[in-house]
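Contents: one structure, followed by commentary.
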Amino acid sequence: MIKAPIEHVRSAAGRWRTNKQAADALGINSRTFTRLCREHGIETPFARGRRERGLPVHGSTNVEVVAEGD
């Protein structure tokens with residue numbers, strides 16, 4: 001059974017810097033937090049940090065592929 005309403009998960013994902021901090025604030029396991037975010041299309045603090053630094057996010061298709069010799 002989910003102990004945290006999705007609205008709370010969404011709010012914590014936007015408020016905290018790490019998945020663990022967000023999960024601890026909600027009183028749930030960090031793996032559960034990550035799974036809930038994935039299932040409901042919520043960007044995790046980890047993914048947000050990678051996006052803000054311009055790094056590829058797991059599962060994203062925003063990586064540019066350049067052929068060799070170009």
When you scan region 15-59, how many residues do you find that are surrounded by 12 or more Cβ atoms within 10 Å (Cβ to Cβ), in contact with a Pro (Cβ under 8 Å, 6 or more places away or on another chain) and either part of a helix (DSSP H, G or I) or not polar (S, T, N, Q) (or both)?
5
Could you grab me the full set of residues in region 27-70 that are modelled with pLDDT under 90 and of a type in the set (D, E, K, R)?
Glu64, Glu68, Asp70
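The values are calculated or read from the model by the stated rules, or taken from the named source; none is laboratory data. Everything numeric in this text was worked out from a predicted model, so none of it was measured. Neighbour counts run over all protein chains shown; Cβ positions are idealised from the backbone, glycine included.
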